[in-house]
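Here's the structure we're looking at; comments come further down.
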Ligand SMILES: [Zn+2]
C-alpha cells in the first residue's frame, strides 16, 4: 500500500512539477514526425534536433507509452495532441465559460496556397494570404491562380520581391511595400489594405514609414491572444510550423512579453520538452485567462507541403472547428480593434 502511494505520489510530482505526461505524448508524436521528414526527399532542411531535458522519454517504444497511458488514464488527465477529438473535447471543457474568436493568415503566396485554400474551405477556416508576386524562389502563384484563390480567401500584400525592411532606408521600404501592393491590386482589381512584414523584420523608422499605407501590418510575434490593439502591429498568436520550431529563447522572450508569469511558466515547461508554438494550442486556457480569446494562427503553405504535413494541419483545423470558436475573416478580426 505504501509502495503504491509512493508510486502514485511520485508520478503526480513528475506530472505536475517536472514533466507533464501530455508533453511525453507530444514528444513521441514529434519523433515520428522527425522520421517522416528525414525520409522526405523534397525537404532540403535538416530534421530538427529533439530538444528536451528528458532524453529517456523519446527512447520508449511508442506502443509502451500508449500502454502506460492507458494504465494511468483513470487517475490522471492525459491527452495527446495527436488525438484531435480528445484534445478538442478537453479544450471545449476548459473554455466553457469563454469565447474564442479565430482567424488564420499565410505568408508568401506560393502555389502551395492552392491546396491550402481548398483545405480551409473544406473546414470553413477563414484565411488571409499575404502574397509576394515576385518571390525569388520562382514559385509564386500566377495572376490567374491568385484570382482563383481570391475567391476563397482574403488577399494581403507581402512586398513585391520578399525583401525585409529592416536594413534599408524608409524611402526604399516604402517603395518595396507599395510596389507589392500596387501589383496585387492591379491583378485583383480591388484594394489590398493589409500587409505582413517579411520575416517579421522591421526597424521602427521603416515601420512608421509604411504604417500609414495600410489598415494593418502583421508581425511574427507570438503568444498574443488579446483583441488586436488599435494603432499597433497585428501580433499573431501561434505559428503553425512543422519543419522545426522558433528558437526556444525567442519563444520564451515572446511569452515573457505577452503573458502573465504563470503563463510564461507554462510555456517554458513546454518549450523545455521541445514543443512548437502550435503544440501550445492545447494549453491556451491556461496561458490566457481573458474571457475572450483572440486566436490568430499563421504559417507557410510551402512548408506544410515540404513536410508533408497536410494531415497534421487538417487536425489543427478540426480542433478549431470543434471548440465552438467563432471564425472571423482577417478583416473582421482587425476590425475588432480595441
Ligand atoms: Zn515571407
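The values are calculated or read from the model by the stated rules, or taken from the named source; none is laboratory data. Here the structure is a predicted model, which means the values were calculated and not measured. Backbone-built Cβ (ideal geometry, glycine too); neighbour counts: all protein chains shown.
In the range 165-172, the count of residues that are modelled with pLDDT under 95, away from the ligand (no atom under 16 Å from the Cβ) and crowded, with 16+ Cβ neighbours inside 10 Å is zero. Among residues of the range 296-318 being in contact with a helix residue (DSSP H, G or I) (Cβ under 6 Å, 6 or more places away or on another chain) and crowded, with 22+ Cβ neighbours inside 10 Å, the one that is nearest to residue 111 (Cα to Cα) is 301. Residue pairs whose Cβ atoms lie under 6 Å apart, sitting 6 or more positions apart in sequence or on different chains, and linking a residue in the range 138-150 that is at negative phi to a partner that is part of a helix (DSSP H, G or I), are 143/187; 146/187; 149/113; 149/117; 150/188.
Every listed requirement among (1) away from the ligand (no atom under 16 Å from the Cβ); (2) at pLDDT 90 or above; (3) within 17 Å of the chain's Cα centre (by Cα); (4) within 25 Å of residue 329 (Cα to Cα) is met by residue 190 save one, (3). You will find that of 314, 302, 254, 306, the residue that is in contact (Cβ under 8 Å) with a residue 60 or more places away in the chain, in the same structural domain as residue 109 (by TED's automatic domain parsing) and more than 16 Å from the ligand (Cβ to nearest atom) is 314 and no other. In this entry, residue 161 is excluded by the filter for residues that are touching a helix residue (DSSP H, G or I) at 6+ places or on another chain (Cβ under 8 Å), in contact (Cβ under 8 Å) with a residue 60 or more places away in the chain and within 14 Å of the ligand (Cβ to nearest atom). In the range 124-156, the residue that is nearest to the ligand (Cβ to nearest atom) out of those that are surrounded by fewer than 20 Cβ atoms within 10 Å (Cβ to Cβ) and in a helix (DSSP H, G or I) is 145.
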